[in-house]
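Encoded as structure tokens, the structure appears first; notes follow it.
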Amino acid sequence: GVWPKPSILDRVDGTHLGPVHRDSAIARAALLGLVEPLFATGTTGVQVALADAIGRLRLQGATSLLFAKARSAQAPAVRIAALRALATMRDGRTEEALRAALQDQDETVRMAALSAIPPLDLPEATTTELLASVVGGKGSVGEQQRALASLGQIQTTTGREMLTHLVDQLAQGKIAPDIQLDVAEAAR
């Protein structure tokens, strides 16, 4: 994944090597044939590193496998890495993968999905809908807090309308005490 632009420091002894720029096509060609076997037989750590490399190299030939892993990999860490790689690549199925991740049984996967939403260029109504679905009480306190923080970061009309609605509910005492401060911070 770092082949095109590796660290300027040696990985073993930290010696300064200077900037190196390589053709990423070489790394993509080398990795393409390994994606399927490594996803099929690799350990969790290998699969996470593979998903990260696919995202860094923008290996378009592996997006179908990434999408499948984001939805159904056994290990939550692999589902998270695949989701992040899809988001990095701005794949057309990222929104569908996000929706699946927000419904995942594992909270770490749901939290990773919440973190991935703001940087994506999804339509503002979709972004607000995804975040509001968690704030509406479906998620844990931590998930609601993360969704509110993300909602406060996006500067869209629907996002402001959602925050206005939440502030109104806060004033009426209808917001759970656990997230009252988060609503106020997001609105600010």
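Which lysines, if any, have their Cα less than 22 Å from the Cα of Lys138, not counting same-chain residues under 8 positions apart?
Leaving aside lysines fewer than 8 places away in the same chain, those within reach of Lys138 are Lys174.
Report the relative contact order of the stretch 30-87, percent, no decimals, based on alpha-carbon pairs under 8 angstrom and at least 6 residues apart.
37 percent.
Which of the listed residues, Val134, Ser72, Gly152, is farthest toward the dipole's positive end in the chain, when Lys, Arg count +1 and Asp, Glu count -1 at the beta-carbon?
Ser72
Which value, in debye to the nearest 20, describes the size of the charge dipole of the chain about its Cα centre when Lys and Arg Cβ atoms bear +1, Asp and Glu Cβ atoms bear -1, and nothing else is charged? It would help to have the intermediate numbers written out before the result.
Details: 19 positive and 20 negative charges, 87 e Å.
In debye, rounded to 20, the chain gives about 420.
Taking the Cα atoms only, what angle lies between the long axis of helix 141-153 and the longest principal axis of the chain, rounded to 10 degrees?
90 degrees
Among Leu163, Leu17, Leu86, whose mean-square fluctuation peaks in a Gaussian network model of the chain (Cα, cutoff 10 Å)?
Among Leu163, Leu17, Leu86, the largest mean-square fluctuation in the Gaussian network model of the chain belongs to Leu17.
Taking Cα centroids, how far is the stretch 110-188 from the stretch 2-39 in Å?
Using only Cα atoms, the two centres lie 38 Å from each other.
Filter the trypsin sites (Lys or Arg not before Pro) in the stretch 22-63 to those in DSSP coil with at most 15 other Cβ atoms within 10 Å of their Cβ, and list the result.
When the trypsin sites (Lys or Arg not before Pro) of the stretch 22-63 are filtered for loop state and at most 15 Cβ neighbours within 10 Å, Arg22, Arg58 remain.
Please compute the net charge surrounding Gly1, taking Lys and Arg as +1 and Asp and Glu as -1 over other residues with Cβ under 11 Å from its Cβ.
Charge balance near Gly1 sits at +3.
May I ask you to give the solvent-accessible area per residue for the stretch 31-188, in square angstrom, as obtained with a 1.4 angstrom probe?
Per-residue value: 50 Å².
On C-alpha positions alone, give me the angle between the axis of helix 44-57 and the longest principal axis of the chain, in degrees, nearest 10.
Once rounded, one gets 90 degrees.
Is the stretch 1-60 best put as rounded, prolate or oblate by its Cα gyration tensor, with a ≥ b ≥ c the root eigenvalues, rounded for a/c under 1.5, and otherwise prolate when a/b is larger than b/c, oblate when not?
oblate
The values are calculated or read from the model by the stated rules, or taken from the named source; none is laboratory data. Since this is a predicted model, take the numbers as computed values, not measurements. All Cβ positions, glycine included, derive from the backbone under ideal geometry; neighbour counts span all protein chains shown. These accessible areas exclude ligands, DNA and RNA; they are computed on the full protein's heavy atoms, side chains included. Shrake-Rupley method; radii C 1.70, N 1.55, O 1.52, S 1.80 Å.
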